[in-house]
Amino acid sequence: MSIIDLTQINLKELPSPKGHLILGHYPQFKSSAKHLFLEQSVKECGELYSVNLFGKKFIVSAIHELNNQILKLRPEKFKRLPKIDSVLQEIGIFGVFNAEGEDWKRHRKLTTESLSLKKVKQYYKTVLKKSEKLLDKLDAYAIQGTTIDIQKEFMLFTVDVTTAIAFGYETNTIEGHNAIFQEHLEQIFIMLNKRNVSPIPLWKWYKSKKDKQLDESLKSIEHIIYDFINHTKKTLKNNFQKQKQPSNFLEALLIENSEGEFNDKEVYGNIFTMLMAGEDSTSSSLAWIIYYLCQHPSVVTKIRNEAYQVYKNYSCPNTFKEYQNLTYTNAVIQETLRLHPTTTQQIVESNEDCTVNGLTIAKGTCFILLNRYAQREEKYFSEASKFIPERWLNTKCPIHKVHSPQVVKAFGGGSRLCPGKNLAISEMVTIISILCKHYNFLLETPVNKIHEKHAFIVYPENLYIKLEKVTP
Ligand code: HEM
C-alpha cells in the first residue's frame, strides 16, 4: 500500500499547484505537454492533489494502488469523463469506447469476442501482408538515403492493417493509394481531440471552416463503412465457410450478432471505434520503440539475431507460431510501453458516493489517474529510468530485484482493458522484428530536439531517421 493513509484525506482540502486566478490550471492543461505539467506537479504537491480547469475541480492521483482500484471499479462505480461520450455521440458514434453501464457490457462482449486471440491468429496474415509492403517501401528509402518521418510511415501501416482487419477495406495507403481516406481520418481525430479539451462547445452555435470540414470527412468515412456493412451482410449469407472463419472484425461482429442485438448504427459505431482506437496508439507506440532502438544499437542486434533464429533466411515470419517465438522483441515492446506508454493518464468520474482504499469519494468527483508515474518509479522497477528489455524476459527477474508488471497500465486496466492488446502486440512485434532484421536505425534529429507531444495520445514529435541496410 501507498504510504499515504487515504482514510485521513479530505478531497476538499488537497494541495494544488500555482494556477491562474480565473482560468485555474487551464493554460497549462491546454498545452501539448499537459501530462508533463501534471507529473511534475507531483513533486510540488505530492501523489494526490487537485487542479482546477475553468472552475471544474479534478483530483490528480499518482498513487498506483488507488488508480488500479478505480479502474477495477468500472463500469459500476466509475465511468469515462461524460464529455468524451457527448463529443462522440454528437458525431454519431455509439460504440464500446463511449458506452457505459449495461450498454457497455453488451458492446464489450461483442468486441472482446471479435478481437480474441483466436481471431487475432486468423487476422495475422493481414499483418504479414502489410508488413511486407512497408518493408518494400522502406527498402527503397534505405537505398536512396531518404530521411524518413517514421511515425508517418507507421501511421500508414496501421491504417492499412486496421481498415483491412476492422472491415475488410484494403486501403493500401503505404503505397500512396486512398490517401484521402487517411486524410479524412486524421482530420476527424484532430477535431475530436480539440473538442474533448475545449471548455466551451462553441461548434454547437457556430460552425467554423474546420467544423464544416469535419462534417464532410465524417460523411465520407460513414459512406464507405456503411457500404462495407451492407456488402458483408450479403456475402455472409449462406457462406458457411466464412461464418466459421471470419477474416475481419466486421465479419466476426456480424456473425456474433446473428440475433440482431445490435443495429447498424451500433455496428458502424464499433467499426469507427476500431479505427479511432487502433491506429494512432499503435503507430505512436511503434515510433517510441524506434526512438529507443536508435539509441541502443546492441538491442537492435539482439532482435536481429532472434529473427535469424526464428524465421531464418525468410524476410518475415511465416506463421503466428513464429511470431509467438519472438520473445526478446516482445520484451523490447513491453519495456517501451513501460517508459513511454501513449496513454500516460486516464480521466474518470465517480457514478456514486463511494469509498476506495479508505478514501471517501463523493458522486461526480473527477479523477486524472497519472498511470505512467508509477511505471517509472524505483519502488516498482529497479533502475526504473533505464531502458532494459531483459527485465521482461523472466518474471523472477534475476538481475533486477524489483519488478512489478501489474503496475504497467499502457493498455488501461480492469474490465475496460484494451481489447485490441493482442492485435496491437502482434503488429508491433512483427514489424519491429522485420525492420531490425534488415536495417540499422540512424537518428536524423538530435535526441534533445525530440519532444513528447500530447494530442489525446502521446507521441514523439520530430522523430526523423535514416535506415542503413545490413547484409546478412
Ligand atoms: C499499442 C497500441 C494500443 C494501445 C497502447 C492501446 C491503449 C488503450 C487504452 C489505454 C485504452 C483505455 C483502457 C481503459 O479504459 O482502461 C484502450 C481502449 C480501447 N482500445 Fe486500445 N490500445 C492500442 C491498440 C488498440 C487496437 C489495435 C485496437 C483495435 C483494433 C484497440 C481497441 C480499443 C478499444 C475498442 C478500447 C475501448 C475498450 C472499452 O472501453 O471497453 N486498441 N486502448
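The values are calculated or read from the model by the stated rules, or taken from the named source; none is laboratory data. For clarity, every value in this text was computed on a predicted model and none was experimentally measured. Neighbour counts run over all protein chains shown; Cβ positions are idealised from the backbone, glycine included.
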**Request:** Kindly provide the set of residues from the range 188-226 that are over 23 Å from L81 (Cβ atoms) and of a type in the set (S, T, N, Q), ordered by number.
**Result:** S208, Q213, S217, S220
**Request:** Looking only at the range 66-76, decide whether some residue is closer than 30 Å to H451 by Cα and away from the ligand (no atom under 14 Å from the Cβ).
**Result:** yes
**Request:** Among the helices (runs of 4 or more DSSP H) lying completely within the range 1-103, list those that include at least 1 residues that are surrounded by 16 or more Cβ atoms within 10 Å (Cβ to Cβ) and polar (S, T, N, Q).
**Result:** 26-30, 34-45, 64-72
**Asked** Within the range 291-298, is even one residue within 15 Å of the ligand (Cβ to nearest atom), of a type outside the set (K, R) and at pLDDT 95 or above?
**Response** yes
**Complete:** D211 fails exactly one of (1) touching a His at 6+ places or on another chain (Cβ under 9 Å); (2) surrounded by fewer than 18 Cβ atoms within 10 Å (Cβ to Cβ), namely (1)
**Message:** Cβ-Cβ under 7 Å, sequence separation 6+ or interchain: first residue in the range 149-163 and over 15 Å from I290 (Cα atoms), partner β-branched (V, I, T) and away from the ligand (no atom under 15 Å from the Cβ). Which pairs?
**Reply:** L156/T173; L156/I174; V159/T173; D160/T173; D160/I174
**Prompt:** Between residues in the range 415-428 that are more than 6 Å from the ligand (Cβ to nearest atom) and residues that are among the polar types (S, T, N, Q) and at pLDDT 95 or above, which pairs lie under 8 Å by C-beta distance while being six or more apart or on different chains?
**Reply:** I425/N330; E427/T158; E427/T282; M428/T282; M428/S285
**Close pairs from the range 98-115: first under 13 Å from F249 (Cα atoms), partner more than 10 Å from the ligand (Cβ to nearest atom) and aromatic (F, W, Y), Cβ under 9 Å, at least 6 apart** = L110/F262
**Item:** Residue in the range 343-364 that is farthest from I4 (Cα to Cα), counting only those that are within 16 Å of the ligand (Cβ to nearest atom), surrounded by fewer than 22 Cβ atoms within 10 Å (Cβ to Cβ) and of a type in the set (S, T, Y)
**Value:** T343
**Single match in F367, F381 (criterion: surrounded by 13 or more Cβ atoms within 10 Å (Cβ to Cβ), in contact (Cβ under 8 Å) with a residue 24 or more places away in the chain and more than 21 Å from K77 (Cα to Cα))** = F381
**Request:** Identify the residue in the range 109-130 that is surrounded by fewer than 17 Cβ atoms within 10 Å (Cβ to Cβ) and within 11 Å of the ligand (Cβ to nearest atom) and, among all such residues, is nearest to K265 (Cα to Cα).
**Result:** K109
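Residues are listed down the side, and each one gets a yes or a no for (1) at pLDDT 95 or above; (2) in a strand (DSSP E or B); (3) more than 24 Å from F154 (Cα to Cα):
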| residue | (1), (2), (3) |
| --- | --- |
| E390 | no, no, yes |
| K401 | no, no, yes |
| Q406 | yes, no, yes |
| G412 | yes, no, no |
| C418 | yes, no, no |
| M428 | yes, no, no |
| L435 | yes, no, no |
| F441 | yes, yes, no |
| H454 | no, yes, no |
**Asked** Of all residues in the range 127-148, which are of a type outside the set (A, V, I, L, M, F, W, C) and without any contact (Cβ under 8 Å) to a residue 60 or more places away in the chain?
**Response** K129, K130, K133, D136, K137, Q144
**Prompt:** Within the range 355-379, how many residues are part of a loop (DSSP other than H, G, I, E, B), touching a strand residue (DSSP E or B) at 6+ places or on another chain (Cβ under 8 Å) and of a type outside the set (A, V, I, L, M, F, W, C)?
**Reply:** 3
**Request:** Name the single residue, out of those in the range 245-290 being assigned to a helix (DSSP H, G or I) and either more than 16 Å from the ligand (Cβ to nearest atom) or without any contact (Cβ under 8 Å) to a residue 12 or more places away in the chain (or both), that is nearest to L88 (Cα to Cα).
**Result:** K265
**Asked** Is the range 230-237 home to any residue that is within 29 Å of the chain's Cα centre (by Cα), within 15 Å of the ligand (Cβ to nearest atom) and more than 13 Å from T162 (Cβ to Cβ)?
**Response** no
